[in-house]
1. Once you've got the Cα coordinates, tell me which of LYS103/LYS320; LYS71/LYS320; LYS194/LYS271; LYS98/LYS217; LYS22/LYS217 are over 28 Å apart.
2. Along the charge dipole of the chain, Cβ charges K/R +1 and D/E -1, which of LEU104, ILE252, THR181 sits furthest on the positive end?
3. Angle, helix 2-20 long axis vs. longest principal axis of the chain, Cα atoms, 0 to 90°, nearest 10?
4. At a Förster radius of 30 Å, what calculated FRET efficiency corresponds to the Cβ-Cβ distance of ASN208 and GLU101, to the nearest 0.05?
5. Starting from segment 175-279, pick out the GluC sites (Glu not before Pro) whose DSSP state is loop and whose Cβ has at most 10 other Cβ atoms within 10 Å.
6. Can you give me the C-alpha center-to-center distance between segment 217-286 and segment 79-106, rounded to a whole angstrom?
7. Toward the positive end of the charge dipole of the chain, about the Cα centre and with charges on Cβ (Lys, Arg +1; Asp, Glu -1), which of GLY289, ASN119, PRO215 goes farthest?
8. Taking the Cβ of GLN312 as the centre, find all other residues whose Cβ is under 9 Å away and add up their charges (Lys, Arg: +1; Asp, Glu: -1).
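Bear in mind these aren't lab numbers, they're just calculated from the coordinates by the rules spelled out. All of these numbers come straight from a predicted model, not from anything done at the bench. Don't worry about glycine lacking a Cβ; one is built from the backbone with ideal geometry, like all the others, and counts go over all protein chains shown.
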Amino acid sequence: MKNLIYLVSVALIVFTGCESKKYYEPDFITEGMELEGYVVNDDVVDYTLEGVTLDDDTFLSKNTEVETKLKEGFKFLNDDGETILSADLSNNFLIQSKNKEDKLLTFDSNVLSATKNKNLIALLLTDNAAALYDIEKDKIVFKEYLNTSLVNDVKIPSPVFLDTLVLYPTLDGKVLIVDGTSNKIYKTINIDPKNEINNITFMETVGNSLVAATPNKIFTFADGRINIKNLDVRYVTVNGNDIYAATLDGMIIKYDLKLTEKKSKKFKFAKFVALGYGKSGLYALESQGYMLKMDNDLENLEIYEFDFDNEQKVITIGNKLYFENIYTILK
């Protein structure tokens, strides 16, 4: 009898938990969204914040509109329209350039992200090492090992070049700044060193300002000042001098470069899986199959039904939203 009572109690707890789980329900649905959808050859199997790798070893990126073939087993990291950077899971890193022979480098760990600028390639590795490779000298001219990080968010930004400086988004909640002329560390900025998951998940320059985020903080360096906001970050995007952040509790917040809050809007129980920007405004994809569109000030809300599998990888790159074997252009 006691066993029966116990089983019934457990069942009631589980049932009550399921019943109490809340989902976003829009107050209205807007008809007639006009977003262009394009089917690609195969499903997205890997992505960076610069582009996606498809199951047939091709990739699409900000700079490459046509599906381009990668070497088998390699995943796309970045490109500049002339040079393709990719890596496999065996510590190999491949540089493919037009009218030049491929260059294969092997490291002590896998390459997570990379960026090319002129003759330099900045790389971030899974052991949280930051490296700088000089193509003309054919050698590593800088390498620094930072604290290892065992748990990371899957969104890993690429290093950024800003004039003669190279900015690395580390896995332990720092921005490492290296002087690309002297190949020495210029500065290290601690953004989020204490949280369990603290890697940089977003990093972008706006003029001479830097915007970065971890799962727990948003950071800017603007006009010589560091600004930090504690925030449970789901997604960040930048449009001009405006920063938009979607949070775990269904908020979308607009900041300026000094992280002064300009506007915010709450969407009860919403779980945003992507933010993106088109010419006509901000787009936010919600996990229950809704696309929310707003203007620059988070007004003139439109809500469209948007069919997608939220178990699949979803990523916005520029004004494109990728999921399954489809990408949609955010107008």
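1. Listed pairs above 28 Å: LYS103/LYS320; LYS98/LYS217.
2. Of LEU104, ILE252, THR181, it is THR181.
3. On a 0 to 90 degree scale, this one is about 70.
4. Rounded to the nearest 0.05, the efficiency is 0.20.
5. Here the sparse-neighbourhood loop sites are GLU196.
6. Distance between centres, Cα-based: 34 Å.
7. Positive-end residue among those listed: PRO215.
8. Value of the local net charge: -3.
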